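The values are calculated or read from the model by the stated rules, or taken from the named source; none is laboratory data. Just so it is clear, the model here is predicted, and its values are computed rather than measured. Reconstructed Cβ throughout: ideal geometry from the backbone, glycine too, with neighbour counts over all protein chains shown. Each accessible area value is taken on the protein alone, full model and side chains, heavy atoms only, with ligands, DNA and RNA left out. Shrake-Rupley method; radii C 1.70, N 1.55, O 1.52, S 1.80 Å.
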Amino acid sequence: MADLPNCPECHSQYTYEDGSLLVCPECAHEWTLETGNNEDEKIIKDANGNVLNDGDSVTVIKDLKVKGSSLVVKIGTKVKNIRLVDGDHDIDCKIDGFGPMKLKSEFVKKV
Ligand SMILES: [Zn+2]
């Protein structure tokens, strides 16, 4: 019983290994233990450290200049239905009056 993780479903600590599977005896959940490569599960957080998900609504927490134009997305602008993407700007979205945009998660907060 070295250092197996707790069950992700019910957080039981009595998990055990069954071949390549991990099994929880309390809720019968079975899963595989991924080691090392977590790139698929990149967690993107807002300015307050809340985890963002596809489809969330956020507000902009500082004025953001739109690259290549004189437009500014004002602080407090509400952005609906965000999509998380890879890259420096990790939020893909559409803002009323601006069209498709990319934002940085550090400049928004979840509403
Ligand atoms: Zn469980």
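Keeping every protein chain in place, order 11, 89 by accessible area at 1.4 Å, biggest value first, i.e. largest first.
The ranking, largest first, comes out as 11, 89.
Let me know the longest stretch in the chain that avoids all trypsin sites (Lys or Arg not before Pro) found in a DSSP loop with at most 11 other C-beta atoms within 10 Å.
Looking at the chain, 1-41 is the longest stretch - no exposed trypsin sites (Lys or Arg not before Pro) with at most 11 other Cβ atoms within 10 Å.
How far apart, in nm, are the 7 Å Cα→Cβ label points at residue 111 and residue 53?
It is 1.9 nm.
Among the listed pairs 78/104; 45/67; 42/78; 62/110; 42/62, which have their C-alpha atoms separated by more than 21 angstrom in this model?
45/67; 42/78; 42/62
Could you size up the charge dipole of the chain around its Cα centre, putting +1 on the beta carbon of Lys and Arg and -1 on that of Asp and Glu, and report it in debye to the nearest 20?
1300 debye
Per residue of the range 90-95, what does 6.51 cos²θ - 1.76 cosθ + 1.60 with θ = phi - 60° give for ³J(HN,Hα)? Whole Hz please, x for Gly and Pro, Karplus curve as stated.
With the stated coefficients, the range 90-95 comes to 9, 10, 9, 7, 10, 10 Hz.
Write out the GluC sites (Glu not before Pro) in the range 14-111 meeting two conditions: DSSP loop, and at most 14 other Cβ atoms within 10 Å of their Cβ.
Qualifying residues, ordered by number: 26, 34.
What would the Debye equation give as log₁₀ I(q)/I(0) for the range 24-111 at q = 0.21 Å⁻¹, counting only Cα atoms as equal point scatterers?
Listed by q, the Debye log ratios stand at -0.96.
Counting only residues 5 or more places away or on other chains, whose amide H sits under 5 Å from the amide H of residue 101 once H atoms are built in the peptide plane?
Amide H neighbours of residue 101, under 5 Å, 5+ apart: 93, 94, 95.
Using modelled amide H (1.01 Å from N, peptide plane; none on Pro or chain starts), what sits under 5 Å from the amide H of residue 79, excluding residues fewer than 5 places away?
Amide H neighbours of residue 79: 58, 59, 60.
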